[in-house]
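Shown next, in structure tokens, is the structure this report addresses.
What follows is calculated from the coordinates using simple rules that are stated; it is not laboratory data. Model, not experiment: these values are computed from the prediction. Cβ sites come from the backbone with ideal geometry, for glycine too, and all protein chains shown count toward neighbours.
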Amino acid sequence: MGHFSDISPQGAGQRGLWRLMLKLPAIRGGLQLLIVKRPSLVELCQAYEDACVTLQRLRAEPGDVNCPRIREYETICLEIETEVIACCLEFKASHDQ
């Protein structure tokens with residue numbers, strides 16, 4: 001992978017980027033700039049998409065809403081969101097100097 005141009009509209013990386021931009025509107029613009037400058041972020045977007053899809057599937061299954069796997073995937077999504085925010089803040093700080 002490695003380049004933003006490698007993300008097809010049908011790709012998990014692109015869908016993950018869209019999800020992150022919807023979830024984190026305050027950093028939307030910075031995220032769009034960062035993904036072009038730091039293509040390794042594509043993999044993080046892919047991981048976010050995969051985790052979100054799995055979480056939706058788990059929540060849709062009948063059973064305990066406090067299932068450990070649901071909590072695990074909620075945590076994974078939150079950790080990825082936190083990492084993306086940190087990357088955007090770091091990128092902004094390095095370019096504001």
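Phi-derived couplings, Karplus 6.51 cos²θ - 1.76 cosθ + 1.60 at θ = phi - 60°, listed residue by residue for the range 51-63: 5, 5, 5, 5, 4, 4, 5, 5, 5, 7, 6, x, x Hz, with x used for Gly and Pro. Entry note, the chain: the mean residue ellipticity at 222 nm calculated from DSSP H runs of n ≥ 4, each adding -39500 (n - 2.57), is -24500 deg cm²/dmol after division by the residues and rounding to the nearest 500. Between E72 and S40, the FRET efficiency from the beta-carbon distance, with R0 = 22 Å, is close to 0.35. Within the chain, all pairs of alpha-carbon atoms sorted by distance into 10 Å bins from zero give the percentages 16, 45, 28, 10, 2, 0. E90 sits among other residues whose Cβ lies under 13 Å from its own Cβ, and their net charge, with Lys and Arg +1 and Asp and Glu -1, is +1. About its Cα centre, the dipole of the range 4-96 is roughly 280 debye, where the only charges are +1 on Lys and Arg Cβ and -1 on Asp and Glu Cβ. Provide the net charge surrounding W18, with neighbours chosen by a C-beta distance below 15 Å and charges set as Lys +1, Arg +1, Asp -1, Glu -1. Result for the local shell: +1.
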